[in-house]
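Only one structure is covered here, and it is reproduced in the block below.
Nothing in this text is a laboratory measurement; each read-out follows from the coordinates by a stated rule. Since we're looking at a predicted model, the values are computed, not measured. Here Cβ is always computed from backbone atoms with ideal geometry, including for glycine, and neighbour counts include all displayed protein chains.
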Amino acid sequence: MQEHNRGQWGSNLGFLMAAVGSAVGLGNIWGFPYKMGKTGGFAFLIVYLALVLLVGIVVMLGELALGRSTGKSPIEAYGALKAKYKIVGVMAIISPFVILCFYCVLGGMVMRYMLGFLVSIFGADGFSGQGDGFFGYLLYDYKGMILFFIIFLVVNMGIIMGGVQSGIERFTKIAMPALAVCLVIIIVFVAMQPGAKGGYEFMFKPDFSVFSDPDIGFFGVLKTAAGQMFFSLSLGMGAMITYGSYLSKKESLQRNSLIIPIADTVIALMAGMMVMPACAAYGIDFGKGPGLLFASMQGVFLDGMGGTIGNVMGFLFYFLVFIAAITSSISLLEACSATIIDKQIAKGKAPRRKTAAGIFTLCIFILGLPIALDALGSGGALVKAPYELMGLEAGGAGYAMWNDCWLDFYDLIAEGILMPLGALLMSLIFGWVVGPKYIYDECEQSGHPFKFKPYFDVCFKVIVPIIMVVVLYAQITDFF
Ligand code: PFF
C-alpha cells in the first residue's frame, strides 16, 4: 500500500538507467576533466580510482541498502535506524539542495550552447558574434544566464512532477544509451586530430610531480578527487537512498552497487579522453579551470572542425551534456521532494508531488541567483562575492578560491564538507553501531548470498572513516 503511494521502479533496468543517469552528469563531463586538468592528470586519476574502489563502492552499497530496507527517503531512513540519526538524513537533504542551486545554472549554460549551435546549423550566428570568446561573454549576459537557468529549472521540475515511473524512468531509459553513443562519436573524432596524443599522455603517463607542488600537494589532489568522487557518484546525499527506496527486494544490491560506479567511472574517463586530447590538439591549457569544457570545446567545434560539421558536432555534444545534466538534476530534486512526500504520507495525507517539486524549484531559483549573477567569480559582477559579504580577504592563493566565487562556495559546502561528513557518519553508523550485517542482510533479501564480507567489513569500519577524516581535515584547513 505504502509502496504504491510512493512509487516504485518498473524494472531493474529502469532503476539502473536512472541511477547511472543520476551519477553520470556535469560532474563527469564538466567537472572531471577540469579537476584532473588542475591537479596533475595521471596523479589525480590514480587517486580518484583508488577512492572509487575503497570508498565509492562501499558507500554506494550502504546507501542503496539503507534506502531499500527502510523504503523511505533520507531523513526517515536514518530515523528508522535511530531517531537521533535523522541529522545525517537532514545533511543528505541540504547537500542536493545546495548543489541544485549551481547545477541548474550550469545546466542552463549548457542549454545556451546547445541552442547556439542549433541555430548556427541554420546559418544564424548562435554566439552573438563572440565565437571562441563566448564563455566570457555569456558570464556577463545576465539576462541570458537567468533565462536559461529558468528554462533548465522548469524542465527539471516538469520531469519530477511526472512521478517515479512515468517521469524519471521513461526519460532516462532512452537518454542514457543515447548519451553513450554520442560520446563515442566525439571521442573518435577528437582522436583523429593532430596533436591529440598529448592529452592521452597527460592522463595515462605516470607522473606524480603534482604531489610536490606547494600549492596543491598530495592533500590537494586527495581532497579534490574525493569531492569529485562523491559528487560524480551522487553519494553522501539523499539521491541513492531515495532511488534505493523505490527498488524491489528481488534485485541484487551488490551487482547494482558495482555497475553504477563502474559505468560512472567509464563515462568520466571517456569525458577525459574527449576533453584532454582536444585541449592538446587545440593548444588549450589543461589547468584552465571551470571554463575548460566550454572554452576548449568551442575551439574544437568552431575553429577545429568549423562549418556545418562543427555546428552539428557542437549541437550533438551539448545535447549529450544536457541529457547527462538533466538525468542528474532530477535525482537531486527527487531526493528533496521525496522528503516532503513521505511526510505527507506519514500524516495520512495524499502525497502532493507537484507542490513539493514546485516549492523546491522556487527556492532553488532564489538561492541560485547569486551564482547566475556573479560571472563565476570573474569580477565586476552584479552581486558581491562571498568574501565581501563575509568581510573576509579576497580569494586565497593556489587553486582553491572558494571565497570569491559563489559556485565554488556552494560547492565547498556540499561536495567539500557535507558529503564527506555524511559518508563518515554513515560508515561509523554501519561499521560500529548498527553493524555491517544490517547491509548484508538487506542484500541477501534478493536471494543472492553476499560475497566479499571481509572487504566491506574493513572498509566500513576502518578505511572509509580514516579517508573521510583526512579529507575533511584537508577541506577545513582550506576553508580557514
Ligand atoms: N552525479 C552528478 C554528476 O556527476 O553530475 C551530480 C549529482 C547528482 C550529485 C545527484 C549528487 C546527486 F545526489
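Could you tell me the calculated FRET efficiency between ILE151 and VAL119, based on Cβ-Cβ distance and R0 = 22 angstrom, to the nearest 0.05?
On the way: r = 15 Å, r/R0 = 0.69.
Efficiency at R0 = 22 Å is approximately 0.90.
Which pairs, out of LYS82/LYS437; LYS35/LYS173; LYS72/LYS349, put more than 18 Å between their alpha-carbon atoms? Don't skip to the answer; put the middle values down first.
On the way: LYS82/LYS437 16 Å; LYS35/LYS173 29 Å; LYS72/LYS349 16 Å.
Flagged as over cut-off: LYS35/LYS173.
For the stretch 291-351, I need the span (max minus min coordinate) of the C-alpha atoms along each principal axis, in Å, sorted largest to smallest.
Reported extents, whole Å, longest axis first: 60, 21, 8.
Work out, step by step, the length gained on full extension between ALA50 and LYS82: first 0.36 nm times the residue separation, then minus their alpha carbon distance; give nm to one decimal.
That works out to 8.3 nm of additional length.
Per residue, how big is the convex hull around the C-alpha atoms of the stretch 295-427? Give it to me in cubic angstrom, could you? Working shown, then result.
On the way: hull volume 26.1 nm³, N = 133.
Dividing the Cα hull volume of the stretch 295-427 by its residue count gives 196 Å³.
Would you work out the charge dipole size for the chain about its Cα centre, treating the Cβ of every Lys and Arg as +1 and the Cβ of every Asp and Glu as -1, and quote it to the nearest 20 debye?
Details: 30 positive and 29 negative charges, 349 e Å.
Its charge dipole is roughly 1680 debye.
Once phi is turned into ³J(HN,Hα) by the Karplus curve 6.51 cos²θ - 1.76 cosθ + 1.60 with θ = phi - 60°, what whole-Hz value does each residue of the stretch 57-64 show in order, with x for glycine and proline?
Rounded to whole hertz, the list is 5, 5, 5, 4, 4, x, 5, 5.
Which value in Å does the Kirkwood hydrodynamic radius of the chain take, with 1/r averaged over all unlike C-alpha pairs and then inverted?
Radius from the Kirkwood sum: 22.5 Å.
Can you work out the base-10 log of I(q)/I(0) for the stretch 156-227 at q = 0.14, 0.23 1/Å, using the Debye formula on its C-alpha atoms alone?
-0.80, -0.97
For the stretch 107-231, what percent of Cα pairs sit more than 23 Å apart? Write out the running numbers ahead of the final one.
Details: 4808 of 7750 pairs.
For the stretch 107-231, the share of Cα pairs beyond 23 Å comes to 62 percent.
Sorted by mean Cβ packing within 10 Å, highest first, what order do the peptides 325-331, 470-476 take? Provide the component values of the computation, followed by the final result.
Numbers: 325-331: 26.1, 470-476: 18.4.
In descending order of packing, they fall as 325-331, 470-476.
Quick one, can you get me the convex hull of the C-alpha atoms of the stretch 250-329 expressed as volume per residue in Å³?
Numbers: hull volume 8.9 nm³, N = 80.
Taking the convex hull of the Cα positions in the stretch 250-329, it is 111 Å³ per residue.
Quick one: putting +1 on the C-beta of Lys and Arg, -1 on the C-beta of Asp and Glu, what dipole do you get for the stretch 134-249 around its Cα centre, in Debye to the nearest 20? Mind dumping the intermediate values first?
Values: 7 positive and 6 negative charges, 89 e Å.
Result for the stretch 134-249 is approximately 420 debye, rounded to the nearest 20.
Using the count of nearby Cβ atoms within 10 Å as a rough guide to exposure, how do TRP406, TRP432, TRP30 rank from fewest to most? Could you put the intermediate results ahead of the total?
Numbers: TRP406 29, TRP432 12, TRP30 24.
So the ranking, lowest neighbour count to highest, is TRP432, TRP30, TRP406.
What is the diffusion coefficient of the stretch 183-292 in µm²/s, taking the Kirkwood radius over Cα pairs and the Stokes-Einstein relation at 25 °C with a viscosity of 0.890 mPa s? Could you put the intermediate results ahead of the total?
On the way: Rh = 16.5 Å.
Result for D is 149 µm²/s.
Please compute the alpha carbon radius of gyration of the stretch 90-148, then divide it by the globular-protein estimate 2.2 N^0.38 Å. Two decimals is fine. List each step's numbers first, then the result.
Values: Rg = 14.5 Å, N = 59, 2.2 N^0.38 = 10.4 Å.
Relative to the 2.2 N^0.38 Å estimate, the stretch 90-148 comes out at 1.40.
What is the ratio of the Cα radius of gyration of the stretch 43-125 to 2.2 N^0.38 Å, with N the residue count, to two decimals? Before the final figure, lay out each step's value.
On the way: Rg = 19.8 Å, N = 83, 2.2 N^0.38 = 11.8 Å.
In units of the globular-protein estimate, the stretch 43-125 measures up at 1.68.
Give the share of C-alpha pairs in each 5 angstrom bin for the stretch 232-387, from 0 to the last occupied bin, in whole percents, shortest bins first.
So the P(r) values, bin by bin, are 1, 7, 11, 13, 14, 15, 15, 11, 7, 4, 2, 1, 0.
Which Cα, out of MET91, ILE466, HIS448, lies furthest along the positive dipole direction of the chain (beta carbon charges, K/R +1, D/E -1)?
With unit charges placed on the Cβ atoms, the residue in question is HIS448.
Could the peptides 19-27, 288-296, 91-99 be put in order, highest first, of the mean number of other beta-carbon atoms found within 10 Å of their residues?
Numbers: 19-27: 27.7, 288-296: 22.0, 91-99: 24.3.
So the peptides 19-27, 288-296, 91-99, ranked by packing, come out 19-27, 91-99, 288-296.
May I ask you to list the residues of the stretch 230-267 whose amide nitrogen lies under 18 Å from a point 7 Å from Cα along the Cα→beta-carbon direction of LYS343?
238-239, 242
With the dipole of the stretch 298-369 worked out from charges on the C-beta (+1 for Lys and Arg, -1 for Asp and Glu) around the Cα centre, which of GLY310, LEU320, SER331 lies farthest toward the positive end?
The residue sitting most towards the positive pole is SER331.
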